[in-house]
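A.B. asks: Let me give you the structure first, and then I'll get to my questions.
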There are 2 protein chains.
Amino acid sequence: MITITLPDGSKKQYPKGITGLEIAKDISPRLAKEALAIGVNGQVWDLTRPIENDAQIKIYTWDDPEGKHTFWHTSAHLMAAALEKLYPGIKFGIGPAIENGFYYDVELPEGTTISEKDFDTIEQTMLEIARQKHPLKRYYIEKQKALEYYKQKGDPYKVELINDLQDGEITFYELGEFTDLCRGPHLPHTGYIKAVKLLNIAAAYWRGDASRQQLTRIYGISFPKQKMLTEYLQMLEEAKKRDHRKIGRELELFYFSSRVGQGLPMWLPRGTVLRNNLIDFLSQLQRKYGYQQVVTPHIGNKNLYVTSGHYAKYKQHSFQPFTTPEGDEEYMLKPMNCPHHVEIYKMKPRSYKDLPLRLAEFGTVYRYEQSGELHGLTRVRGFTQDDAHIFCTPDQLKDEFKKVIEIVLYVFEVFGFKDYTAQVSLRDPDNKEKYIGKDENWEKAEKAIIEAANEMGLKTTVELGEAAFYGPKLDFMVRDALGRKWQLGTIQVDYNLPERFELEYIGADDKPHRPVMIHRAPFGSLERFVAILIEHTAGKFPVWLTPEQVAILPISDKFINYAEQIYEKLDNARIRAFIDYRNEKIGRKIRDAEVKHIPYMLIVGEKEAQNNTVSVRRQGQGDKGSMSIEQFILLINDEMNKEKIPERLEELRQIRLQSQNS
Amino acid sequence: MITITLPDGSKKQYPKGITGLEIAKDISPRLAKEALAIGVNGQVWDLTRPIENDAQIKIYTWDDPEGKHTFWHTSAHLMAAALEKLYPGIKFGIGPAIENGFYYDVELPEGTTISEKDFDTIEQTMLEIARQKHPLKRYYIEKQKALEYYKQKGDPYKVELINDLQDGEITFYELGEFTDLCRGPHLPHTGYIKAVKLLNIAAAYWRGDASRQQLTRIYGISFPKQKMLTEYLQMLEEAKKRDHRKIGRELELFYFSSRVGQGLPMWLPRGTVLRNNLIDFLSQLQRKYGYQQVVTPHIGNKNLYVTSGHYAKYKQHSFQPFTTPEGDEEYMLKPMNCPHHVEIYKMKPRSYKDLPLRLAEFGTVYRYEQSGELHGLTRVRGFTQDDAHIFCTPDQLKDEFKKVIEIVLYVFEVFGFKDYTAQVSLRDPDNKEKYIGKDENWEKAEKAIIEAANEMGLKTTVELGEAAFYGPKLDFMVRDALGRKWQLGTIQVDYNLPERFELEYIGADDKPHRPVMIHRAPFGSLERFVAILIEHTAGKFPVWLTPEQVAILPISDKFINYAEQIYEKLDNARIRAFIDYRNEKIGRKIRDAEVKHIPYMLIVGEKEAQNNTVSVRRQGQGDKGSMSIEQFILLINDEMNKEKIPERLEELRQIRLQSQNS
C-alpha cells in the first residue's frame, strides 16, 4: 500500500500501482468524469499511469491550465494521426499545446499542399479517430532503437530531436497507428475530444532558425463539448471586431509609422484626449491619496542602471547604450522610472516624519521587443507607465498596501471590470536564502499583504515561491467583457533598490533605518490599458473619457450659426463637442455619429433655434427630448459624475478605515 | 569730396578723409557726445578713422550693441595697460568685449598672483589712465616687424597669434605705453570710460585647449557714467537673489542629480505642479485656436533624421545614435518633434479642407550640450518644447500668423512681460539662391508676416538676410523685471520639411499641392520659460500658477480638525492648500508662509472654528479680514480669473478679426 495525500492535506491508502483515474473515481464519480490529468508530486502525469510510491496528488480538470494543456497536447497528436492518414509520408517536427489550443509543424510529402480548404477534411478525420477512443499508450524505447525507427520512417526532424536527448530510455506515445516521440502527459483516450477546429496555417522555420527548413504550422483548438467550441468561435469573432488595432485605426486613436520606428506608438488627437483624460483621472485620485507627481528625464547615465542592477539584467535585451559626441559619457533610455525616483528620495536627508513619500510619474520608458513580438498597443517598444514609488517604514507597509488596493479596486469599478481575482506571491519558505532583505522584514511584509488583502475584502490565492527575489507582491487578474484574462495592477514590495542605493531615513530613535519601497501601477501602462479598454468596451468609452462627447448636427446650413453658439457654450463648460458641417441629410449625420460612438447628438433646426433648445439623442438609446443647452450641460455632467462613482470610492474608503480601527 | 549716406537714406557731401566723429558733430552736438563708433558700409570703425570713399554710415551710441562692444573693447585695453603698469613682465593672451563687459587672459610674472583683493588697485589704476584721455592710435606694422616686437618683449601668445595671421600689414593700437595687436575698433580716447568694476577672476586655457598653458582670466565691466555702474551692480545683486537655480533649490522646484546625468532636470513635486499648470494653461488656449494635441515617442529611427536633414546637420553635436540588441536598426533621441508630426500628416491623404492642421505637443527633446555650457534650466540636455506645427496652404499663412501672434501676445500679457519687441527676418534679396522654396512663396510669406505683424499692432524691425534658409520668421524679444532681454516666441515658416518629406494636399483644383509648415513655441521650452519666469517674478508666481496657493495655519493643535475640514473644501474646489501642522507660534507660521511666497494664509483658531470662518492674509499685503470658506473660494477664483485676463484675449481677438475684415 502507498499513501496518497490530497490537496486538502487528507491522506488515503491505496495499493501500489493505482492510477489517477482510479483515485478520482474513488473520490467522486463526477470528478472522475471531469478529470483530464493528475499532478503527482508537482509533475503532471497521465491519468492512467501507475503510481508506485507515496505521493501528493491533485486531479486536474478543464478548469486547470494543466488539464487544458493535457487535452490540447493529445489533440495535437490526434491531428498528427489524421494528417498521417491523409498525407502518407508526411514528416513531423514538434506539436505542443499552447495558450489557446495547439499546433503541429509538418513537412508535407513532395507535391502536396495544405490550405484552409482542407481543414474540414482534417477535422472530420480527427473526429473519426477520436470517436474510436484510441488509448494513448506510453512506453519506453532505447535511444538507439528510437533512432533506427525514425531513420527508417525517413523523419529527419525526430532523428535530430532524439539525437539531442540523453542516452537511455525515451518516452513514446502510441495513438492507434500513430506513434510519437513525446514526454506526455496525455488523456486516457481520444474519446475525450468531442469538438475540433483548425484555426490557421502558417510557415515556421525548423527550430525557429531562419537558415533551416521551412515547415508548415497548423494551428487548432479542441474542446470536450461542441457547445464550448461554438462559444469559443463566437468569442473569437467578437474579439476580431473588438481588436484594438482595428478600432484604434477606425477611431483614429493611435498610429504606427515604420519611418519613426516599429512598436513606437504615436497618439493621434483623439487618442491623446483619451490618454490625457486617463492621466487626469488618476492624477486626481492619487492626489487624494497623498501622491506627489514628479517629471524625470527619459534617459539616465549608464552607471545609474549599473547601480540599480537593471543594466546587468537587461543589457542583452535593451536598446543599447549611447554616448555623448566626445564619447566620455554613456547613457541609456530608461527602462523603468525607479532609479530616477530613488535619486529624488536621496536628494536630501529624510526623516520618518517625511514618510510615506509617494512619488508618482506618468513616465515613458523604452524597452526593446523583437519585431515579431510587437502587437498593437499591448506589446510596444515605448510606453508610459502610471508609475509610483512609495517609500515607507516597514510598519507603514500594511496601511499603504490597503490604500493601493483601494485605488486599484476603484479603477476596476470605474472602468467596468467587475470580475477579478488577486494572487499573493510569497517566498519559497524552503529557500529563504534566494531572497534579498531581512527575514524579519519579509515576514512583516508578507503578513502585511495578506492582512491588507483580507481586510479590504479581496478574495486571494496565495502562491509560495512566486515572489520576486526582492520582495513579495500582490497581482490582480481581471476578466474582460469577452471573458479573457488580463493581469492589471501589480503591487510589488522592494527591498532591493533601497539596499543598492543605500536609502535611509532617520527614525524616531534618531538612528538611520532603511525604508521599504512599493512599486505600483493600476493601469500598468497607458498603452496596454487603452488596448484592454478598447477591447473590453468595443470602443464605446464612458462619456467622461471618450474623446468626442457631443456631435452638434445642424439640420441645414441655415442653423450653423446657432450650432456655433451651442458649441461655444459647451466648450466653455469644457465639454468636448464638434459640429458636423457637412451638407448631408440629418439621418446620415445621426448614423455617422452613432457609428463613431459619439455618446450625445444635439440636433439643431428651426424649432430649436427659435426656442433656444437642442434636441438630444443618446447613442444606442435614441431620442431624449428637447431641452435648453444649460439643462443638457447639467444632464451630461451628472452622467459623468455617476460614471466616476464617487460613492464607490467612499465605500472603499470606509472599508479601509473600519479595518484600520479594528 | 565723398558722398556719405545716412541711415534714413539722406546723403551728404564731405571732404575725403572725414572721420565719424566729425560727421556726428555735423549732424548734432548731442550725437557727437554720445557717439562711440561708426558703421561704415556694414563694418564697425573707430570714430577717428578717416573715411576715404563714398559710404553708407551709421553712428553707434551706448544704445547699440556695436557701441557698447567698442566701449568694452577699449576697456579691455585699458585694463591691460593698468596690469602692465602694476605687473611689469605680464604676458597677454586675448582680451575681447563680451555680452556684458570684457575680459583679458594674462600670464602673470613668476611669483606674482592676482586675487579679488587686488581689484581695487587695478580699478584705480585704470581710472587714473582713463582720466589722462589717452587716444587709441591705430597703425600698421609689417608682420615680420610685429613678430620681432613681441619676441623681444617675450610674449609667446601674441607671437603665436601673429604667426597665424596672413602676411602683410597688421593692425596695432597704442594706448599710452601699452601697445596691442588688435583689429579694433576703439573709442577715440580713454576719457570716455568713467566707471570701472572688475567682476571675477578665473582660470582659462590658452585657446580653450586643455593641453596648453593655463592663463588667468580677469573679467570686468565699465560704463560712461558712475550711475550706470551703480545701477548695474544693483541689478547684478538682484539677479543673484533671483537666480532661478537658487530659487529653484529653495522652493524645491527642480533638481539635478549627477548620477542621472548632467543637464537633465528632474521636476520635483512643486515644480511639477507649476509645469502642469503651464501645460494646462497653454493647452486650453491652444484648443480655442483649433490646435489638436498629439503624443509622439522620444526616439526615432535614424533614417527619419537623415530624411529630415537633422542628422547631417547635428550628428557631431548630438547624443550619438544607438542600436537594437541585434544591431539591425539604428535609433536616435529626437532633437525635435517636427519629423514625427510630419509622419502624422502623412498617415493619410490630406485635402485642402483638412487645412490648416495644427498639431501640438508638449514634446520632450534631447540635445547634447557640453558640460561647461550647461546652466540651470536655461541650458539643458533635455527639455520639453511647447511645440506645434501648423500645416496650411500658402494663402492661409497670414491668418495663421496672426493667430499665433495673438497667442504669443496673450502669453506675454498673462505672465507680465510688458516690454517686448519683434523682429521680422527676411531673405537676403541679393542672394535668393541660398534659400529653399519657390520665389513666389517666399514673397507671399514675407508679405504675410509683415502684414500680419502690422495688423496685430506689433512694432517690428525688419532684418534682411536673417531668415533661415528654409523660411522667414518672426522673433520676439522680451525684457524681464531686471531689464534683461530674452528671446521668446519665435514663429518660423518652413518650406524645407514639406519638400524633404514630399508633403501634399489635394487642392480645390483636385491637384496635389505642397503645404507650408509653421513652427512655433510661445514658451520656447517649459524649462527655459520657468527659469525666465522665476527670475522675472523672483519666485512670486501668479496665484493660478503657484504650486501652493493656500497655507492653512491652525493657531494650536485644538483646531487641526477644523483646519482639515477647510482643507477638504479647498481640495474639492481644486485649490492647492496645505496645513501647517507644526507646533509653532502662529507668528512663526505666518512668517514661514510669507517667505515661501504662499499667496494666501488662512488662520484658524477659536473664533474661526466657532463662526465657521477663516481669517485671510494675503502675502505681502497683510490681513484681509474674516470670511466663510465659500466666500474665500469665490475671492481666490475671482483673482485667478483676473490674472488670466480673458478680457485681453478678447481684445486681441477683436484686433485680429477687425484686421481680417479690413
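A.B. asks: If you take the residues of segment A:131-167 that are in contact with a strand residue (DSSP E or B) (Cβ under 9 Å, 6 or more places away or on another chain) and of a type in the set (Val, Ile, Thr), which of them is nearest to A:PHE92 (Cα to Cα)?
C.D. replies: Among residues in segment A:131-167 that are in contact with a strand residue (DSSP E or B) (Cβ under 9 Å, 6 or more places away or on another chain) and of a type in the set (Val, Ile, Thr), the one nearest to A:PHE92 (Cα to Cα) is A:ILE162.
A.B. asks: Got a sec? Which of B:ILE18, B:ILE114 is over 24 Å from B:GLY220 (Cβ atoms) and either surrounded by 17 or more Cβ atoms within 10 Å (Cβ to Cβ) or touching a residue at least 60 places away in the same chain (Cβ under 8 Å) (or both)?
C.D. replies: Result of the check over B:ILE18, B:ILE114: B:ILE18.
A.B. asks: Another one. What about A:PHE362, is it at pLDDT 95 or above, among the aromatic types (Phe, Trp, Tyr), within 23 Å of A:VAL493 (Cα to Cα) and under 25 Å from the mean Cα position of the chain (by Cα)?
C.D. replies: yes
A.B. asks: Just name the residue that is surrounded by the fewest Cβ atoms within 10 Å (Cβ to Cβ) out of those in segment B:364-387 that are more than 21 Å from B:MET332 (Cβ to Cβ) and out of contact with any Pro (no Cβ under 9 Å at 6 or more places or on another chain).
C.D. replies: B:GLY372
A.B. asks: Here's a follow-up. How about segment A:628-662: which of its residues are surrounded by 17 or more Cβ atoms within 10 Å (Cβ to Cβ) and either of a type in the set (Phe, Trp, Tyr) or free of Cβ contacts under 8 Å to residues at least 40 places away in the same chain (or both)?
C.D. replies: Hit for segment A:628-662 is A:PHE632, nothing else.
A.B. asks: Just the residues that are of a type in the set (Lys, Arg) and either in contact (Cβ under 8 Å) with a residue 40 or more places away in the chain or more than 16 Å from A:ASN637 (Cα to Cα) (or both), please, taken from segment A:554-577.
C.D. replies: Result: A:LYS558, A:LYS569, A:ARG576.
A.B. asks: Filter segment B:283-321 down to residues that are out of contact with any helix residue (DSSP H, G or I) (no Cβ under 9 Å at 6 or more places or on another chain) and at the interface with chain A (Cβ under 7 Å from one of its Cβ atoms) and give me whichever is nearest to B:GLU369 (Cα to Cα).
C.D. replies: Among them, the one singled out is B:HIS317.
A.B. asks: Next up: Let me confirm something: among B:GLU455, B:GLU413, B:GLU400, which residue is farther than 18 Å from B:MET477 by Cβ, away from chain A (no Cβ under 14 Å) and modelled with pLDDT under 95?
C.D. replies: Values: B:GLU413 fails: farther than 18 Å from B:MET477 by Cβ; B:GLU400 fails: modelled with pLDDT under 95.
It is B:GLU455.
A.B. asks: Look at A:GLU548 and say whether it is more than 17 Å from A:ASN637 (Cα to Cα) and either of a type in the set (Asp, Glu) or not in a helix (DSSP H, G or I) (or both).
C.D. replies: Here the answer is no, as A:GLU548 does not meet what is asked.
A.B. asks: Of B:MET347, B:MET336, which residue is surrounded by fewer than 22 Cβ atoms within 10 Å (Cβ to Cβ), among the hydrophobic types (A, V, I, L, M, F, W, C), at the interface with chain A (Cβ under 8 Å from one of its Cβ atoms) and touching a strand residue (DSSP E or B) at 6+ places or on another chain (Cβ under 8 Å)?
C.D. replies: The unique qualifying residue is B:MET347.
A.B. asks: Go through (1) among the hydrophobic types (A, V, I, L, M, F, W, C); (2) under 17 Å from the mean Cα position of the chain (by Cα); (3) in a loop (DSSP other than H, G, I, E, B) and name the single condition B:VAL543 misses.
C.D. replies: (2)
A.B. asks: Still on this structure, I have one more. Would you point out which residue out of B:TYR495, B:TYR562 is surrounded by fewer than 21 Cβ atoms within 10 Å (Cβ to Cβ) and among the hydroxyl-bearing types (Ser, Thr, Tyr)? Give the steps one after another, and end with the answer.
C.D. replies: Details: B:TYR495 fails: surrounded by fewer than 21 Cβ atoms within 10 Å (Cβ to Cβ).
Of the residues listed, the single one that is surrounded by fewer than 21 Cβ atoms within 10 Å (Cβ to Cβ) and among the hydroxyl-bearing types (Ser, Thr, Tyr) is B:TYR562.
A.B. asks: Now a separate question. Take B:TYR331 and decide whether it is among the hydroxyl-bearing types (Ser, Thr, Tyr) and facing chain A (nearest Cβ under 7 Å).
C.D. replies: So B:TYR331 passes the test.
A.B. asks: Regarding segment A:557-571, can at least one residue be identified that is within 30 Å of A:ASP280 (Cβ to Cβ), at pLDDT below 95 and not in a helix (DSSP H, G or I)?
C.D. replies: Scanning segment A:557-571, I find no residue that is within 30 Å of A:ASP280 (Cβ to Cβ), at pLDDT below 95 and not in a helix (DSSP H, G or I), so the answer is no.
A.B. asks: Regarding segment A:228-250, can at least one residue be identified that is over 30 Å from A:LYS143 (Cα atoms), within 14 Å of another protein chain (Cβ to nearest Cβ) and of a type outside the set (Asp, Glu)?
C.D. replies: Filtering segment A:228-250 for residues over 30 Å from A:LYS143 (Cα atoms) gives A:228-250.
Narrowing the set further to residues that are within 14 Å of another protein chain (Cβ to nearest Cβ) leaves A:248-250.
If we keep only those that are of a type outside the set (Asp, Glu) as well, we get A:248-249.
Checked against the condition, which is being over 30 Å from A:LYS143 (Cα atoms), within 14 Å of another protein chain (Cβ to nearest Cβ) and of a type outside the set (Asp, Glu), segment A:228-250 yields at least one hit.
A.B. asks: Separate question: Going residue by residue through segment B:426-433, is there one that turns out to be touching a strand residue (DSSP E or B) at 6+ places or on another chain (Cβ under 8 Å), free of Cβ contacts under 8 Å to residues at least 60 places away in the same chain and either in a strand (DSSP E or B) or crowded, with 18+ Cβ neighbours inside 10 Å (or both)? Break it down into steps so the answer makes sense when it comes.
C.D. replies: Keep residues of segment B:426-433 that are touching a strand residue (DSSP E or B) at 6+ places or on another chain (Cβ under 8 Å), which gives B:426-429.
Filter once more, so that each one left must be free of Cβ contacts under 8 Å to residues at least 60 places away in the same chain: B:426-429.
So of that shortlist, the ones also either in a strand (DSSP E or B) or crowded, with 18+ Cβ neighbours inside 10 Å (or both) come out as B:426-427.
Yes.
A.B. asks: Do you know which of the residues in segment A:251-282 that are among the basic types (Lys, Arg) and within 8 Å of another protein chain (Cβ to nearest Cβ) is surrounded by the most Cβ atoms within 10 Å (Cβ to Cβ)?
C.D. replies: Of all residues in segment A:251-282, those among the basic types (Lys, Arg) come to A:259, A:270, A:275.
Add one more test, that the residue is within 8 Å of another protein chain (Cβ to nearest Cβ), and what stays is A:259, A:275.
Values: A:ARG259: 15, A:ARG275: 23.
Only one residue tops the list, namely A:ARG275.
A.B. asks: Is it the case, given these coordinates, that A:ALA508 is surrounded by 14 or more Cβ atoms within 10 Å (Cβ to Cβ) and in contact (Cβ under 8 Å) with a residue 40 or more places away in the chain?
C.D. replies: Here the answer is no, as A:ALA508 does not meet what is asked.
A.B. asks: Taking the residues in segment B:370-413 that are part of a loop (DSSP other than H, G, I, E, B) and either of a type in the set (Val, Ile, Thr) or under 21 Å from B:ASP280 (Cα atoms) (or both) as candidates, determine which candidate is farthest from the chain's Cα centre (by Cα).
C.D. replies: B:THR393
A.B. asks: Moving to a separate point now. Of all residues in segment B:90-124, which are farther than 11 Å from B:LEU198 by Cα and over 34 Å from the mean Cα position of the chain (by Cα)?
C.D. replies: B:ILE90, B:LYS91, B:LEU108, B:PRO109, B:GLU110, B:GLY111, B:THR112, B:THR113
A.B. asks: Can you name the number of the only condition in (1) within 36 Å of the chain's Cα centre (by Cα); (2) in a helix (DSSP H, G or I); (3) modelled with pLDDT of 90 or more; (4) not polar (S, T, N, Q) that B:GLU128 fails?
C.D. replies: (1)
A.B. asks: Next question, about the same structure. Would it be correct to say that B:ILE555 is over 42 Å from the mean Cα position of the chain (by Cα) and away from chain A (no Cβ under 14 Å)? Break it down into steps so the answer makes sense when it comes.
C.D. replies: Details: over 42 Å from the mean Cα position of the chain (by Cα): yes; away from chain A (no Cβ under 14 Å): yes.
Criteria met by B:ILE555.
A.B. asks: While we're on this one: Exactly one condition in (1) in contact with a helix residue (DSSP H, G or I) (Cβ under 9 Å, 6 or more places away or on another chain); (2) modelled with pLDDT under 95; (3) part of a helix (DSSP H, G or I) is false for B:GLU594; which is it?
C.D. replies: All conditions pass for B:GLU594, except number (1).
A.B. asks: Give me the pairs: first residue in segment A:62-85 and under 13 Å from A:ILE218 (Cα atoms), second residue among the polar types (S, T, N, Q), beta-carbon distance under 8 Å, and six or more apart or on different chains, which are they?
C.D. replies: Filtered contacts from segment A:62-85: A:SER75/A:SER222; A:LEU78/A:THR190; A:LEU78/A:SER222; A:ALA82/A:THR125.
A.B. asks: Just give me the residues in segment B:476-504 being part of a strand (DSSP E or B) and among the aromatic types (Phe, Trp, Tyr), in sequence order.
C.D. replies: Of everything in segment B:476-504, those that are part of a strand (DSSP E or B) and among the aromatic types (Phe, Trp, Tyr) turn out to be B:PHE476, B:TRP486.
The values are calculated or read from the model by the stated rules, or taken from the named source; none is laboratory data. Being a predicted model, the structure only gives us computed values, none of them experimental. In this analysis, Cβ positions are derived from the backbone assuming ideal geometry, glycine residues included, and neighbour counts consider all displayed protein chains.
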